[in-house]
Amino acid sequence: QVQLVESGGGLVQPGGSQRLACAASRNLPTIYTMAWYRQAPGNERELVASITGGGSTGYSDSVKGRFTVSRDNARSTIYLQMNNLRPEDTAVYYCNARWFRTDYWGQGIQVTVSS
C-alpha cells in the first residue's frame with residue numbers, strides 16, 4: 001500500500017502564489033500517472049493537472065497558464081505551483097497516483113484564496 005501525503009496548503013490572497021507538494025510513502029514506479037484534483041464545497045471532485053512519469057502534462061482549462069505541475073521521480077513527489085490565484089480556486093486539493101486498476105489518493109489539503 002502506498003500513502004500519499006500533501007503539504008503546502010493554507011490561506012493566500014487573491015493574485016498570490018502557493019506551492020503544493022505530494023510525497024509517496026515509498027518509491028512509486030514511473031509508470032504511475034500522478035495528478036492533482038480539487039473539490040470545492042457543493043461541487044464534484046475535478047481534475048486540475050496531471051503528469052506522467054515521462055513528464056507529459058495536462059491541465060484543466062480553468063488553471064491553464066496559471067498552474068504548473070512537476071514531478072521528481074527520484075523522490076516519488078509531485079508539485080503544483082499555483083500562481084495568480086483566484087477565490088474560485090478555493091478547494092480541498094487531492095493528490096492521486098494511478099496505474100491501470102491501482103488508484104491511490106492523499107487525504108487532501110485545504111487551499112483558501114481570500115482577502
Quiz item: Could you list, bin by bin from short to long, the percent of Cα-Cα pairs of the chain in 10 Å steps?
Solution: 15, 50, 29, 6, 0
Quiz item: Taking θ as phi - 60°, what are the ³J(HN,Hα) couplings along the stretch 68-85 by the Karplus curve (6.51, -1.76, 1.60), each to the nearest whole Hz, with x for Gly and Pro?
Solution: 9, 9, 9, 8, 10, 5, 5, 9, 6, 10, 10, 10, 9, 8, 10, 10, 6, 5
Quiz prompt | Under the Karplus curve 6.51 cos²θ - 1.76 cosθ + 1.60, θ = phi - 60°, whole-Hz ³J(HN,Hα) for the stretch 86-97, x wherever Gly or Pro sits | solution = 10, x, 6, 7, 4, 4, 8, 9, 10, 8, 9, 10
Quiz item: Roughly how large, in nm² to one decimal, is the mean projection of the convex hull of the alpha-carbon atoms in the stretch 38-105?
Solution: 5.2
Exercise. Starting at the first residue of the stretch 24-30, write each ³J(HN,Hα) from the Karplus equation 6.51 cos²θ - 1.76 cosθ + 1.60 with θ = phi - 60°, in whole Hz, x for Gly and Pro.
Key: 7, 6, 8, 4, 10, x, 5
Quiz item: What is the extension gain from S56 to V5, computed as 0.36 nm multiplied by their sequence separation minus the C-alpha to C-alpha distance, in nm to one decimal?
Solution: 16.1 nm
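Since every read-out is calculated from the coordinates, none of them should be taken as a lab result. This one's a predicted model, so the numbers in the text were calculated from it and none came from an experiment.
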